[in-house]
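Structure, as structure tokens:
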Amino acid sequence: MNRRYRKTIIAGNWKMNMVPSQVKGFVEELKPMLPKTRTCDVVLCPPYPLLPAAVKAVKGCRVDVGAQNISEFASGAHTGEVSLSMITDLDARYVILGHSERRADNGETDLLVNAKTLAALGAGLRPIVCVGESEQERERGLTMERIAYQVKSALWSVTPDQLKKVVIAYEPIWAIGTGKTATAAQAQEVCQNIRALLRELYGARAARGVSILYGGSMNAKNAAELLSQPDIDGGLIGGASLKPADFAAIIAATAQE
Ligand code: 13P
């Protein structure tokens, strides 16, 4: 983390878990466990039908809400899709884009992730753009090429001013939901390289302002070490964001200097 230049963000990706009636209780349990002084921005990203309950439940506490995806289209004949204005009208502030599960399950391409990133920025939402290599790509020494391609594609035609709203999440696919966390050194190396790429694309000043999160089996035990790395500015948490105490413990780990 480097609080001097950028925000620390802990975001919970609930994926396809929980039901609307559980949201209020979750937030009520989380609230008293949040640090008294703000050490990071906290974001909850539940599935769409839970968003209204989440927005209502976090009112008055310093927690933001985000979606897990949006359509690249503004409105109209797109059965089963959810538009940006539906999300912004609810007061959600973030949207996760290009998660590897959407890339794998729904065939989302880098071009589509770029279209969604531009649409989200146009609507004033903060995109959390996910990038990450597969186990095979890592074994074959292709990690940085893969990540650089994903980052460059996602940010195509994103202006320097818009970049200030972008959050990047490095999520190695082999570490998601597997209990196999990247070591702090592995995660730092990739996050540092992402920042170097942003420096090439946007200049040093812009690059140092971008929050880069790590995601992949991050939990109460490994969070402090991951967050102590200079280019890891927070976490995108899956499994461990589903229990208030576990999520709160990760938030607490941002209190370190
Ligand atoms: P886990 O924390 O369950 O590994 O999931 C990480 C993730 O995919 C967050 O988006």
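Below are the figures for this structure:
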{"quantity": "Contact order relative to length of the chain, as percent, for alpha carbon pairs under 8 angstrom and 6 or more apart", "calculated": "23"}
{"quantity": "For the chain, fraction of C-alpha pairs farther apart than 22 Å, in %", "calculated": "51"}
{"quantity": "Share of carbon and sulfur in the accessible heavy-atom surface of the range 15-110 [1.4 Å probe, %]", "calculated": "55"}
{"quantity": "Extension reserve of the HIS78-GLN136 stretch, reckoned as 0.36 nm per residue once the Cα distance is removed", "calculated": "17.4 nm"}
{"quantity": "Residue of VAL55, VAL129, VAL19 that the Gaussian network model of the chain assigns the largest fluctuation, springs spanning Cα pairs under 10 Å", "calculated": "VAL19"}
{"quantity": "ASP41 accessible area, 1.4 Å probe, all protein chains in place, Å² to nearest 10", "calculated": "10"}
{"quantity": "Environment charge of THR254, counting only residues whose C-beta is closer than 10 Å and scoring Lys/Arg +1, Asp/Glu -1", "calculated": "0"}
{"quantity": "Expected 222 nm ellipticity per residue - DSSP helices of 4 or more, -39500 (n - 2.57), all of the chain, to 500", "calculated": "-11000 deg cm²/dmol"}
{"quantity": "Exposure rank, largest accessible area first [MET1, MET16, MET33, MET218; 1.4 Å]", "calculated": "MET16, MET33, MET1, MET218"}
{"quantity": "Cα gyration tensor category, rounded, prolate or oblate, for the range 87-168 with a/c compared to 1.5", "calculated": "prolate"}
{"quantity": "Average projected area [Cα convex hull, the range 151-257], square nanometres", "calculated": "6.8"}
{"quantity": "Residue-level accessible surface for SER241, protein heavy atoms, 1.4 Å, Å²", "calculated": "0"}
{"quantity": "Gaussian network model of the chain, Cα within-10 Å springs - most flexible of LEU112, LEU197, LEU142", "calculated": "LEU142"}
{"quantity": "Most to least accessible of TRP156, TRP14, TRP174 (protein chains only, probe 1.4 Å)", "calculated": "TRP156, TRP174, TRP14"}
{"quantity": "Solvent-accessible heavy-atom area per residue, rounded to whole Å², over the chain at 1.4 Å", "calculated": "46"}
{"quantity": "Whole-percent carbon and sulfur share, accessible surface of the range 181-257, 1.4 Å", "calculated": "49"}
{"quantity": "Rounded to the nearest 10 Å², the accessible area of TYR214 at probe 1.4 Å", "calculated": "0"}
{"quantity": "Net +/- balance of residues flanking ARG62 in space, Cβ distance below 13 Å, scoring K and R +1, D and E -1", "calculated": "+4"}
{"quantity": "DSSP-loop GluC sites (Glu not before Pro) across the range 143-220, with at most 14 other Cβ within 10 angstrom", "calculated": "none"}
{"quantity": "Exposure rank, largest accessible area first [HIS78, HIS99; 1.4 Å]", "calculated": "HIS78, HIS99"}
{"quantity": "Alpha-carbon centroid distance for the pair the range 111-153 / the range 191-246, whole angstrom", "calculated": "14"}
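The values are calculated or read from the model by the stated rules, or taken from the named source; none is laboratory data. As the structure is a computational prediction, the values presented were derived from the model and not from experiment. Glycine gets a Cβ as well: all are built from the backbone with ideal geometry, and neighbour counts include every protein chain shown. We work out accessible area using only protein heavy atoms, side chains counted, and drop any ligands, DNA or RNA first. Shrake-Rupley method; radii C 1.70, N 1.55, O 1.52, S 1.80 Å.
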